[in-house]
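Presented below is the structure to which this report refers.
The values are calculated or read from the model by the stated rules, or taken from the named source; none is laboratory data. Remember, it's a predicted structure, so these values are computed and weren't measured experimentally. A quick note on method: Cβ atoms are made from the backbone with ideal geometry, for glycine too, and the neighbour counts reach across all protein chains shown.
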Amino acid sequence: MSTVDRAPARASSVVAVGAGVVSLAALAVGGAFALVPGVLGLVLVVLAVVGGSRAWLTTGSGFLLLGALFAALASGTALLPLLGAVAAMVGWDVGENGIGLGEQLGRAARTRHAEFTHASASVLVGLVTVVVGYAVFLTSSGGQPLSALVLLLVGAVVLLVALRA
Amino acid sequence: MKTRATNRWRGVTALSFAAGALGIVTSQPAVLLLAVVGVAYAAYARLAPPPEPTARVERTVDDDRPDRGDAVGVTVELTNDGDRLLPDLRVVDGVPPGLAVVDGSPRLATALRPGKRASFSYEVEAIRGTHDFEPTQIIARGVSGAVEHEDWVRAETAIRCVPRLEPLDSFPLRKQTVQHTGQVTTDVGGGGVEFHATRRYRPGDPIQRIDWHRAAKTGELTTVEFREERAATVVLLVDSREPAYVADLAGRSAVENCVTAGGQVASALLATGDRVGVASLGPRWSWLAPGLGRVHRTRLAEELALAAGFAPTPPDEQFFPGLALRRVRKHLPGDAQVVLFSPLSDAYPTIAARRLEAHGHLVTVVSPDVVDGETDGAQIARLERDDRLRTLRRAGIRVLDWDPDRPLAAAVTDATRRWRQ
């Protein structure tokens, strides 16, 4: 039997790289400090979806997220770094799904429907995160911003623990 | 059915802690805010509804009785019987192990709304034998991909491919000695020595051969002539031991060549009125006693295509050389000629051929030459095979050395010319 081409699914790879580009563009707000890990991350993401490597994808997305943290640190603004971090997450999620589809089904299989459903759900979650997170940031920054946000974080951790149980 | 966590989101909360810690250390609310991202996706992984195993598969095959080499279309249809969306449904159809997919892919990933169907098709190339489809693998994931169901569904479908016997103009058998001919004639005489022609009576013709009906009607004496050639009994013996499954560089095994050639020789011999049977020389025993006629021809084609002794995949059973040869000899009619089909990949077939010859069966060896390439190994294999061919010829056994890339008929013509000399 001829061998099956196990490269990552096409549409997912394109979306993953697109998300990486969006992420990089967003964290440009942090200047060179954020762009260095960002560019490195994007290059790794591109290599990962070409070669079908989960480890590289995770590393690349990690660098993009690091870039987002640096951008937030350097610029002090919230919206664009948040967008950058969310885009990095979407890129990782969609890219990993594409690699999985490639491994399981091969490139010759029709996978569009599943890919788009997965990608849309991921983007939707990302948008909700950006909107809600930024709204909380805006409302809380009126009073005592940092303590409110720390409380928010503690709440989030408690929520996670509850979910894990 | 199995349900398991894919663990693909593992570690996403660490992101929150990293951002949180950095945010607190630097007293930078914008950094702290990024902790939200990890929390949000972790929650998404946990809260997204798990998949429901509500998919059903049906498989249809264009033609479950194809000829060799036909492309057979296979269509698989998926239906979501549940009342919720299946966001990520992956299907891998169980293509029979012996068949190669030549067009399309036997796999699909899709999202299915309740009550909807999706289908995919692909083509496989038929090779001889019965091919049962294996279970279809269905993997349903939730939208976040955190949990998946795996299920194997068996849909009973089979493709049965019995190739027609390929034609061959003629295949020269060895001349039978007088005593054998006598036996053969009696054997065939009852069933039907073929009518040939009538001619004018000549003095000396045997009285039994005069057409008396005609003499009574017209008063003329005519003699009925039968076909001069006497039919032989031939058993085609196919080497199907594990070493015979050597393949050429294209991956076609020598047993495939032997079976094809066997079918051609059978078709040539049956056409000239010889009685033809088949047997396997291998751990798996298959036997069809020599016979004649159209029904026998069909049975012979089926035997070659489907019987375990000629299976396209190598046997797992252990082979007992002495036992196998005794079994063959026990079944061979006393006057039967043997045509042995073997790639001669080891010494055993030469021993078997000489042993059969010694027991009074006239043996012809048809050997497909599947040694390909110019590597050292190939050259040694070629030398060894040439040596075996010589051994056989020295023992007075006819050998037809056949390159499977050329038609068998050409090899037969060449060999016949040499044998006549």
Study note, to complete from the structure: If we keep only residues of the range B:12-51 that are part of a loop (DSSP other than H, G, I, E, B) and more than 7 Å from chain A (Cβ to nearest Cβ), then the residue surrounded by the fewest Cβ atoms within 10 Å (Cβ to Cβ) is B:Pro49
Practice item. May I ask you to say which residue of A:Ala114, A:Ala121 is free of Cβ contacts under 8 Å to residues at least 40 places away in the same chain and surrounded by 24 or more Cβ atoms within 10 Å (Cβ to Cβ)? Key: A:Ala114
Revision key, fill the gap. In the range A:67-88, anything crowded, with 21+ Cβ neighbours inside 10 Å and more than 8 Å from chain B (Cβ to nearest Cβ) is listed as A:Gly67, A:Phe70, A:Ala71, A:Leu83, A:Gly84, A:Ala87, A:Ala88
Review point. Got a sec? Which of A:Gly143, A:Gly91 is more than 10 Å from chain B (Cβ to nearest Cβ) and at pLDDT 90 or above?
Key: A:Gly91
Review point. Checking B:Thr313 against (1) under 22 Å from B:Ile127 (Cα atoms); (2) surrounded by 15 or more Cβ atoms within 10 Å (Cβ to Cβ); (3) of a type in the set (S, T, N, Q), which single condition isn't satisfied?
Key: (2)
**Study point:** Single unsatisfied condition, B:Val143 versus (1) crowded, with 22+ Cβ neighbours inside 10 Å; (2) touching a residue at least 24 places away in the same chain (Cβ under 8 Å); (3) facing chain A (nearest Cβ under 10 Å); (4) closer than 26 Å to B:Asp62 by Cα
**Key:** (4)
Point to revise | Scan of the range B:68-96 for residues that are touching a helix residue (DSSP H, G or I) at 6+ places or on another chain (Cβ under 7 Å) and more than 11 Å from B:Ile138 (Cβ to Cβ), ordered by number | key: B:Pro87, B:Asp88
Exercise for review: Determine which single condition B:Ala378 fails, assuming it passes every other condition in (1) of a type in the set (Gly, Ala, Ser); (2) within 19 Å of B:Arg252 (Cα to Cα); (3) surrounded by 17 or more Cβ atoms within 10 Å (Cβ to Cβ).
Suggested key: (3)
Check your understanding: Quick one: which of A:Thr129, A:Thr117, A:Thr59 is in a helix (DSSP H, G or I), among the polar types (S, T, N, Q) and closer than 17 Å to A:Gly20 by Cβ?
Key -> A:Thr59
Review point. Over 30 Å from A:Gly155 (Cβ atoms) and assigned to a strand (DSSP E or B), is that true of B:Arg4?
Key: yes
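Yes or no, residue by residue, for (1) surrounded by fewer than 19 Cβ atoms within 10 Å (Cβ to Cβ); (2) closer than 17 Å to B:Val234 by Cβ; (3) at pLDDT 90 or above; (4) under 15 Å from the mean Cα position of the chain (by Cα):
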{"position": "B:Leu249", "(1), (2), (3), (4)": "yes, no, no, no"}
{"position": "B:Gly263", "(1), (2), (3), (4)": "no, yes, yes, yes"}
{"position": "B:Ser267", "(1), (2), (3), (4)": "no, yes, yes, no"}
{"position": "B:Asp274", "(1), (2), (3), (4)": "no, yes, no, no"}
{"position": "B:Leu281", "(1), (2), (3), (4)": "no, yes, yes, no"}
Revision key, fill the gap. Taking the range B:78-96 and keeping only residues that are among the acidic types (Asp, Glu), within 11 Å of another protein chain (Cβ to nearest Cβ) and touching a Ser or Thr at 6+ places or on another chain (Cβ under 6 Å), one is left with B:Asp93
Exercise for review: Exactly one condition in (1) more than 18 Å from B:Val162 (Cα to Cα); (2) in a helix (DSSP H, G or I) is not met by B:Ala231; state its number.
Suggested key: (2)
Exercise for review: Name every residue in the range B:385-418 that is outside any loop (DSSP other than H, G, I, E, B), of a type outside the set (A, V, I, L, M) and touching a residue at least 12 places away in the same chain (Cβ under 8 Å), in order of residue number.
Suggested key: B:Arg385, B:Arg388, B:Thr391, B:Arg398, B:Asp401, B:Trp402, B:Thr416
Revision key, fill the gap. Of B:Leu323, B:Leu344, B:Leu340, B:Leu288, the only residue that is in a helix (DSSP H, G or I), out of contact with any Cys (no Cβ under 6 Å at 6 or more places or on another chain), assigned by TED's automatic domain parsing to the domain that holds B:Ala266 and at pLDDT 90 or above is B:Leu323
Practice item. Please tell me if B:Ala55 is under 30 Å from A:Gly133 (Cβ atoms), in contact with a Gly (Cβ under 9 Å, 6 or more places away or on another chain) and within 14 Å of chain A (Cβ to nearest Cβ). Key: no
